[in-house]
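Have a look at the structure below before the remarks.
Nothing in this text is a laboratory measurement; each read-out follows from the coordinates by a stated rule. Remember, it's a predicted structure, so these values are computed and weren't measured experimentally. Note that we place each Cβ from the backbone using ideal geometry, even for glycine, and neighbour counts take in every protein chain shown.
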Amino acid sequence: MKKLVLGLLVLLGCIHSLEAFQGDEKRVLIYTKNGEGYVHENIAASVASLEKICKKEGILTEVSDQPSVFTPENLERYDAIVFSNTNNEGFDTKEQKEAFQEYIRNGGGFMAIHSANATEREWPWYWAMVGGKFIRHAPHQEFTVLVTDPDHPATSHLPARWTIKDECYYSFQLNPDIHVLLSADMTTVEDEGKKEYPGETFGQQFPLSWCHLFEGGRQFYTALGHDPWFYEDPLFVEHLRGGLLWVMKK
């Protein structure tokens with residue numbers, strides 16, 4: 001009888017330890033909703049890349065394009081939310097927006113990739129939280145990216161001058177508290193409209209990736225990542241990994 005009781009106690013202890021271990025696991029929501037308008041062909045590749053990064057880091061992932069996931073109760077489950085190439089309307093209701101705001105204000109991590117700064121174009125709070133609002137991009141081409149901060153986890157592995165082939169995104173409504181990580185060398189960008197904007201606003205550079213603290217949460221944004229194949233580029237993958245771990249405080 002004593003052996004049976006002892007065995008049950010050991011079993012209960014193991015179950016409790018397993019539940020505690022599972023409760024300590026980090027979890028990320030990868031969100032991909034696109035409203036009416038252009039939808040990137042890179043979404044599947046971006047999700048696969050993020051899932052691979054998270055698997056290596058022991059982070060659980062869930063993927064959704066349904067705004068119904070934005071409830072206070074559900075968002076409590078996540079250590080970070082990634083808007084991976086979302087575009088246009090990201091939410092259906094005021095309550096979903098409020099749940100997202102509450103998540104950020106409670107210290108939730110947020111990461112935005114490429115067209116995610118073109119999401120919710122009519123919502124000023126979202127622009128400020130992401131750090132800027134998409135206005136347009138230069139023609140797809142090869143150009144040089146400058147590492148503005150070489151000490152951040154998202155950039156420490158990169159060369160000082162990084163030549164890539166991508167869309168050079170221009171943002172406006174830039175939040176003045178963003179900390180710029182990567183910039184486009186505008187002398188290497190061919191674009192007939194760049195004299196009009198960004199012009200000389202930032203000299204010969206323009207912000208492409210940044211991070212900041214906003215209303216209690218950590219935010220990271222990168223404008224790079226238009227092409228599906230780029231999500232297999234080791235330098236870009238490490239850029240995403242560093243940004244994600246930073247917003248998760250890892």
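Values computed for the structure shown
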item	result
Top-ranked residue of the range 105-142 - restricted to ones that are buried (at least 24 other Cβ atoms within 10 Å of the Cβ) and of a type in the set (S, T, N, Q), ranked as nearest to F172 (Cα to Cα)	N117
Long-range neighbours under 6 Å by Cβ, at least six apart or interchain, first residue without any contact (Cβ under 8 Å) to a residue 24 or more places away in the chain within the range 133-162, second among the aliphatic types (A, V, I, L, M) and assigned to a strand (DSSP E or B)	A160/V147
From K195, K165, K94, residue being over 28 Å from Q66 (Cβ atoms), more than 16 Å from the chain's Cα centre (by Cα) and free of Cβ contacts under 8 Å to residues at least 12 places away in the same chain	K195
Pick from the range 175-188, criterion crowded, with 20+ Cβ neighbours inside 10 Å and either part of a loop (DSSP other than H, G, I, E, B) or of a type in the set (G, A, S) (or both), ranking: nearest to the chain's Cα centre (by Cα)	I178
Single residue of the range 202-217 satisfying the filter (in a loop (DSSP other than H, G, I, E, B) and surrounded by fewer than 13 Cβ atoms within 10 Å (Cβ to Cβ)) that is farthest from the chain's Cα centre (by Cα)	G203
